[in-house]
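Before any comments, here is the structure.
The values are calculated or read from the model by the stated rules, or taken from the named source; none is laboratory data. Remember, predicted model here, so these are calculated numbers, not experimental data. Ideal geometry is used to build each Cβ from the backbone, glycine not excepted, and the neighbour counts take in all protein chains shown. Remember, those area values only see protein heavy atoms, side chains included, never the ligands or the DNA or RNA. Shrake-Rupley method; radii C 1.70, N 1.55, O 1.52, S 1.80 Å.
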Amino acid sequence: MHLLAEDDAEVVVLGTKILARLLVVHGSAYVKKFTESSGGFTVMRYRLKRWWDIPTLYPIIFSILFNYDVAEIDFERSFDLFSLSELFGRKSLVYPDVLPIIVSMLQQGLNTLVHNQEDPDSPHPDKNNNGPAAGQLKVPTAGSRRRSMSLTKELEARRKFVSTSNSL
């Protein structure tokens, strides 16, 4: 649990993988003890919400939710709905105590996006004459970046973004 308090994303992801593996392999008695004795899921919710933008964490947390061994996940796959539904689509919900962690991460991401928006009353930059009509989804273009479940790919993309932002 102390690994989740680190400032390094790689340490947090690896610590979460260890916890997920422990919880899934040891089963419901261990999960019950983890939940009731130490408030483990509450601590996870608090610690992981700041890492909402690391896509590698979501399949790890879903693996706990659906009691799926994290060691069987191919993290080199793309992070999209198809990959997640292929992994967990036929699984049943086993540990619903994990849902507040996911909701907390999504809420933190939404709060961050809303807070960082320059002017909430301004129109979206993509809404011009050529943009999608109201209520329609924008189809990703060939130049848009696809997310990956791989932490190394995500960290490389972050480093590139930071270096280009700093050079401007």
- [ ] State whether the residues of region 77-99 include one that is in a loop (DSSP other than H, G, I, E, B), modelled with pLDDT under 90 and of a type in the set (D, E).
- [x] yes
Task: Those residues of region 18-73 which are in a loop (DSSP other than H, G, I, E, B), open to solvent by less than 60 Å² (accessible area, probe 1.4 Å) and more than 16 Å from S92 (Cα to Cα), in sequence order - done: G39, D53, I54, P55, T56, I73
Task: Residues satisfying the stated conditions in region 74-105, i.e. open to solvent by 60 Å² or more (accessible area, probe 1.4 Å), within 14 Å of P55 (Cα to Cα) and among the small types (G, A, S) - done: none
Open item on the list: One residue is enough: does region 106-122 have a residue meeting the conditions among the aliphatic types (A, V, I, L, M), buried (at least 19 other Cβ atoms within 10 Å of the Cβ), touching a residue at least 24 places away in the same chain (Cβ under 8 Å) and assigned to a helix (DSSP H, G or I)?
Closed with: no
